[in-house]
Amino acid sequence: MSSAEVAVQVFKEIETEDFRILNIIEAGMSKHEFVPKDQIQKHSKLPMDRIDFTLGKLNKLGLTYRTKETYNGHTLNYAGYDCLAINALVKADVIVSFGQSLGVGKEADVFDALSPSGRRIAVKFHRLGRISFRQTRRTRGYTREHSTWLFQSHVAAEKEFQAMKLAYENGVSVPEPISQNRHVVAMGMIEGAQLSKYKDIGKPEKVLKEILRNLRKAYLKAHLIHADISEYNIILQPDGHVLIIDWPQAVKTDHANATELLERDIKNVLTYFNRKFNIELAAKEACDYITGKTRSLAF
Ligand SMILES: Nc1ncnc2c1ncn2[C@@H]1O[C@H](COP(=O)(O)OP(=O)(O)OP(=O)(O)O)[C@@H](O)[C@H]1O
Ligand SMILES: [Mg+2]
């Protein structure tokens with residue numbers, strides 16, 4: 001079970017006092033690898049027996065990890081961090097319930113959820129370092145690295161949300177960004193599948209042109225370079241139009257490596273269309289079009 005599945009499953013069992021303790025552990029993690037129990041007590045102002053009870057419960061639910069033997073130090077697992085973000089999104093009236101998992105990947109889990117008005121939305125949990133985290137835990141137990149990964153995932157979600165908002169406001173075809181909390185981004189649900197999944201896409205020239213038109217809009221209007229474009233981050237919708245997803249690594253066009261990143265994005269797209277659909281377009285021509293040096297594509 002993924003940690004988001006754990007979080008979604010146990011979420012209803014978590015009470016106000018449990019959230020209070022989870023929040024205190026989260027705050028303490030900026031200073032401590034394992035937040036000591038006396039710190040938790042100091043901030044919660046609850047009697048020690050209640051704290052012991054709650055810490056035991058949170059650990060049993062898989063939301064926290066505690067130091068062996070004395071159980072004195074506590075740290076959040078991804079599932080605990082997930083619960084804090086879910087709780088904030090519920091309180092902010094963004095989501096009321098979760099549906100099924102839409103995809104568990106290397107660096108993100110995406111879930112289907114319902115908004116208070118009954119709209120289906122997608123909720124993406126960033127999971128940086130998940131794989132290396134599992135490996136270090138196996139060999140070295142929990143390390144400082146762990147809390148750094150939670151923090152990095154938070155940063156990734158913030159960056160993705162900001163980039164998607166900019167792109168969306170400037171008419172780039174992306175899922176509608178709805179809300180963000182901690183390492184989680186809520187966005188409009190999309191239909192269709194990754195470009196990589198299709199054998200036949202009808203008129204590939206038209207699809208390629210639409211992708212490049214979106215990269216041009218992102219560049220000229222939102223001043224953004226996606227920086228991770230591939231057939232896996234382009235969705236082809238049932239109506240034949242494309243959507244560009246997965247924006248945490250996007251950079252501004254004045255970034256020091258902007259040119260290289262844009263050239264790499266272009267190469268990824270052109271290589272794919274060349275290999276799969278036999279379309280030839282020079283990278284230079286695509287680049288001039290995207291950066292506004294030319295106004296249209298010749299093919
Ligand atoms: N808004 C959405 N609506 C529906 N499904 C989505 C949405 N966003 C993402 N997905 C699904 O989740 C998958 C992973 O999303 P995304 O590419 O944003 O994350 P990622 O960091 O690349 O994760 P992974 O490591 O799995 O590739 C997508 O390929 C898609 O199937
Ligand atoms: Mg992706």
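The calculated FRET efficiency for the pair H43 and T70, based on their C-beta separation and a Förster distance of 22 Å, comes to about 0.65. Only the Cβ atoms of Lys and Arg (+1) and of Asp and Glu (-1) were treated as charged; on that basis the dipole of the chain about its Cα centre amounts to roughly 360 debye. Surface composition of the stretch 1-126: carbon and sulfur atoms hold 51% of the protein heavy-atom accessible area at a 1.4 Å probe. Once all protein chains are placed together, R20 keeps about 110 Å² accessible to a 1.4 angstrom probe. Of interest is the spacing of the C-alpha centroids, which for the stretch 22-68 and the stretch 150-181 amounts to 31 Å. Solvent-accessible surface of the stretch 193-290, averaged per residue with a 1.4 angstrom probe and all protein chains in place: 50 square angstrom. Karplus-based coupling profile of the stretch 183-193, in residue order and whole Hz: 9, 10, 10, 9, 8, x, 6, 10, 10, x, 9, with θ = phi - 60° in 6.51 cos²θ - 1.76 cosθ + 1.60 and x standing for Gly or Pro.
When the alpha-carbon atoms of the stretch 1-127 are used, the pair Rg, Dmax equals 15.2, 47 angstrom. Ranked by the mean number of other Cβ atoms within 10 Å per residue, highest first, peptides 93-99, 267-273 order as 267-273, 93-99. Taking the Cα centre of the stretch 67-218 as reference, the dipole from Cβ charges on Lys and Arg (+1) and Asp and Glu (-1) amounts to some 460 debye.
Calculated mean residue ellipticity at 222 nm for the chain: -15000 deg cm²/dmol, from DSSP H runs with n ≥ 4 weighted as -39500 (n - 2.57), summed, divided by the residue count and rounded to 500. In this structure, the residue pairs whose Cα-Cα separation is over 28 Å, taken from K42/K159; K203/K284; K197/K252; K60/K91; K197/K217; K165/K206, are K42/K159; K197/K252.
For the stretch 193-290, the share of accessible area belonging to carbon and sulfur comes to 49 percent (1.4 Å probe, ligands and nucleic acids excluded). Legend: Rg and Dmax of the stretch 193-290, from Cα coordinates, 12.7, 38 Å.
Note on K57: aspartates and glutamates with a C-alpha under 15 Å away, same-chain residues under 8 apart excluded, are E13, E15, E17, D18, D49.
Using a simple charge model, +1 on the beta-carbon of Lys and Arg, -1 on the beta-carbon of Asp and Glu, nothing else, what dipole does the stretch 1-79 show about its Cα centre, in debye to the nearest 20?
About 140 debye.
Taking every alpha-carbon pair under 8 Å whose residues sit at least 6 apart, the stretch 193-290 reaches a relative contact order of 31 percent. A probe of 1.4 angstrom, applied to the heavy atoms of all protein chains, finds F34 with accessible area near 50 square angstrom. If all Cα-Cα distances of the chain are sorted into 10 Å bins from 0 onward, what percent lands in each bin, rounded to whole numbers? Taking every Cα pair in the chain, the percentages come to 6, 25, 28, 20, 13, 6, 2, 0.
Does anything in the stretch 275-290 have its amide N under 17 Å from the 7 Å Cα→Cβ label point of T259, and if so which residues? Backbone N within reach: 283-290.
Under 5 Å from the amide H of G99 lie the amide H atoms of D112, A113, L114, each residue being 5 or more positions distant or on a separate chain, with H modelled from the backbone and absent for Pro and chain starts. Among the trypsin sites (Lys or Arg not before Pro) in the stretch 142-240, those located in a DSSP loop and surrounded by at most 15 other Cβ atoms within 10 Å of their own Cβ are K199, K221.
Compared with the dominant principal axis of the Cα atoms in the chain, helix 204-220 is inclined by about 70°. With contacts taken as Cα pairs under 8 Å and at least 6 residues apart, the chain reaches a relative contact order of 12 percent.
The values are calculated or read from the model by the stated rules, or taken from the named source; none is laboratory data. Computed from a prediction, not measured in an experiment: that's the story for all the values here. Every residue, glycine as well, gets a Cβ built from its backbone with ideal geometry; the counts of neighbours run over all protein chains shown. Accessible surface is based on the protein model in full, side chains and every heavy atom, while ligands, DNA and RNA are left aside. Shrake-Rupley method; radii C 1.70, N 1.55, O 1.52, S 1.80 Å.
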